[in-house]
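The values are calculated or read from the model by the stated rules, or taken from the named source; none is laboratory data. No experiment lies behind these values; they were computed from the predicted model shown. Counting neighbours? That spans all protein chains shown, and the Cβs are built from the backbone with ideal geometry, glycine included.
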Amino acid sequence: TMAKFIANGAVELFHNDSVKLATTSSGVTVTGTVSDSKGELRVLPKNGQSGTYTLVASDHGKFIEAENTVTVPANVFTAGQMITIVNQTSGDIQLTQGSSLTLYNSADASTGNKPLSARGMATVLYASATTAHISGNI
């Protein structure tokens with residue numbers, strides 16, 4: 001591994017004589033896989049849940065493969081955090097609006113608990129710790 005400094009502050013990082021990361025005044029180019037603590041970028045990590053489940057902070061940026069009721073809580077997530085819920089059953093499951101949370105259906109602005117249809121999916125986007133919006137097969 002080595003770094004090469006180029007004019008105007010650009011940098012190239014090499015591994016085995018191949019450029020893996022290059023910076024320029026217009027952006028960054030990466031060769032290979034880009035990942036963080038949740039895994040590879042652009043691959044949505046899965047959290048499979050067969051029983052009743054309440055979303056937890058580490059679920060943001062993941063999809064929940066659910067087979068039972070999922071509670072969407074208040075004061076766990078911050079603005080901009082998203083979670084996708086996938087129903088892996090042949091019947092509806094319940095998405096429960098947690099205490100102190102306002103969960104808006106993006107289709108009609110209604111609030112409250114929502115059924116997630118069989119084999120359906122929905123994404124929850126938090127606007128604040130106590131306000132979220134949901135869109136999908138609800």
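In the range 14-108, counting only strands (runs of 3 or more DSSP E) that sit wholly within it, the ones holding 2 or more residues that are under 25 Å from residue 136 (Cβ atoms) span 46-49, 63-66, 70-72, 82-87, 93-97, 102-105. All conditions in (1) closer than 30 Å to residue 40 by Cα; (2) within 19 Å of the chain's Cα centre (by Cα); (3) crowded, with 17+ Cβ neighbours inside 10 Å hold for residue 104, with the sole exception of (1). Exactly one residue out of 22, 57 is among the small types (Gly, Ala, Ser) and either modelled with pLDDT under 95 or surrounded by 12 or more Cβ atoms within 10 Å (Cβ to Cβ) (or both): that is 22.
With respect to residue 110, is the statement that it is at pLDDT 95 or above, small (Gly, Ala, Ser) and within 12 Å of residue 134 (Cβ to Cβ) true? For residue 110, the condition - at pLDDT 95 or above, small (Gly, Ala, Ser) and within 12 Å of residue 134 (Cβ to Cβ) - is met.
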